[in-house]
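Scroll down for the structure; my scribbles are underneath it.
Only the coordinates and a few stated rules stand behind these numbers; no lab work does. Since the model is a prediction, treat every value here as computed from it, not as a measurement. For neighbour counting, all protein chains shown are included, and Cβ atoms are generated from backbone atoms with ideal geometry for every residue, glycine included.
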Amino acid sequence: MTETESPFRALVTGASRGIGAAIALKLARQHGERLRIAIAGRASSTALDDVATQVRGLGAEVLPLFGDLGDEAAPENLVAASAEAFGGLDGVVANAGITAPAPLEQLDPANWDRLFNVNVRSVWLLAKAAYPALVEARGAFVAVASASGMAPHPGMGAYSSSKAALIMLCRQLGQEWAPRGVRVNSVSPGMIRTPLTESIYQNPEVAAERNHIVPIGRVGMAEDVASAVAFLLGPEAGFIVGQSLCVDGGYTESALGRIPGLPRSD
């Protein structure tokens, strides 16, 4: 990094594996030695250590952190540690999230509360804590929502509801913070192949069927989501505020095209 280049200072939650790890690596490849990044997991783990090693190998400065985002104090603690270490923050990515599949009539209220605490409340608290630093840097905040928050997803219960709330939270924050120069957006992944979903794709018939129903011809990879997040954090997205970018190969919008008996374009 030359004297004229300023660092890009970032915090990414849920960075131990999957989409969060891919985001950290994408930013490292994009910014190289300019990157100062805090990667946060729920707890100290070899997975988080492995991500840190890979990011360092790309020239970035890495600060591993951990905290349970269901704990009200955790978001502020993560932001404080990151901002103190790097002298501020230019970008924050709220990727951490949980799910508890169950029909709503069977869902335990404690699971409902846990999902909303992690998937929505923690994002608000993370953004709230990061606000002064992001205002100073005229930075960006990106949350990872879900296509399940854009359309009903039977059996996903509180997950779909929480992700819908998260999308609206980012729209609200976008409107409130844009006048101070802070951009807030979200990305909504569709079917993404990650370590957590890999067992599903070990069935070749299921994998082939999933690829087939996505208009672009394949399910997504974590790197597809990471590219969208990196774009929204960067200057090329400087006029984008309060949007949810659906990263799903066209699947969410394809329902009408699957009606039997309609003319086909292929």
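Taking every Cα atom in the chain, find the radius of gyration and the maximum pairwise distance Dmax, and write them in Å.
18.5, 64
Tell me the angle of helix 18-31 to the major Cα principal axis of the chain, expressed in degrees between 0 and 90 and rounded to the nearest ten.
Here the helix axis deviates by roughly 50 degrees.
Which whole-Hz ³J(HN,Hα) couplings does region 154-167 yield from phi under the Karplus relation 6.51 cos²θ - 1.76 cosθ + 1.60, θ = phi - 60°, glycine and proline marked x?
Couplings: x, x, 8, x, 5, 4, 4, 5, 5, 6, 5, 5, 5, 4 Hz.
Between 0 and 90 degrees, rounded to the nearest ten: what's the tilt of helix 122-137 against the longest Cα principal axis of the chain?
Approximately 40 degrees, to the nearest 10.
Considering only the other residues whose Cβ falls under 15 Å of the Cβ of Ala164, what net charge follows from Lys and Arg at +1 and Asp and Glu at -1?
Neighbourhood net charge equals +3.
Rounded if a/c is under 1.5, else prolate if a/b beats b/c, else oblate: with a ≥ b ≥ c from the C-alpha gyration tensor eigenvalues square-rooted, which is region 203-266?
In terms of gyration-tensor shape, oblate.
Enter the Cα centre distance for the pair region 143-164 and region 53-89, rounded to the nearest angstrom.
Between the Cα centre of region 143-164 and that of region 53-89, the gap is 27 Å.
Out of residues 5 or more away from Ala143 or on other chains, whose amide H comes under 5 Å of its own, with H placed 1.01 Å from N in the peptide plane?
Ala94, Asn185, Ser186, Val187
Could you work out the pair-distance distribution P(r) of region 32-151 from its alpha-carbon pairs, with 5 angstrom bin width and percents rounded to whole numbers?
Here the calculated profile for region 32-151 is 2, 10, 18, 21, 19, 14, 8, 4, 2, 1, 0.
Given DSSP loops and a limit of at most 16 other Cβ atoms within 10 Å, what is the longest stretch of the chain that contains no such GluC sites (Glu not before Pro)?
73-266
Would you please give the residues with an amide H less than 5 Å from that of Arg9, counting only those at least 5 places away or on a separate chain, with H modeled from the backbone geometry?
Close amide H contacts, sequence-distant or interchain: Arg36, Asp90, Gly91.
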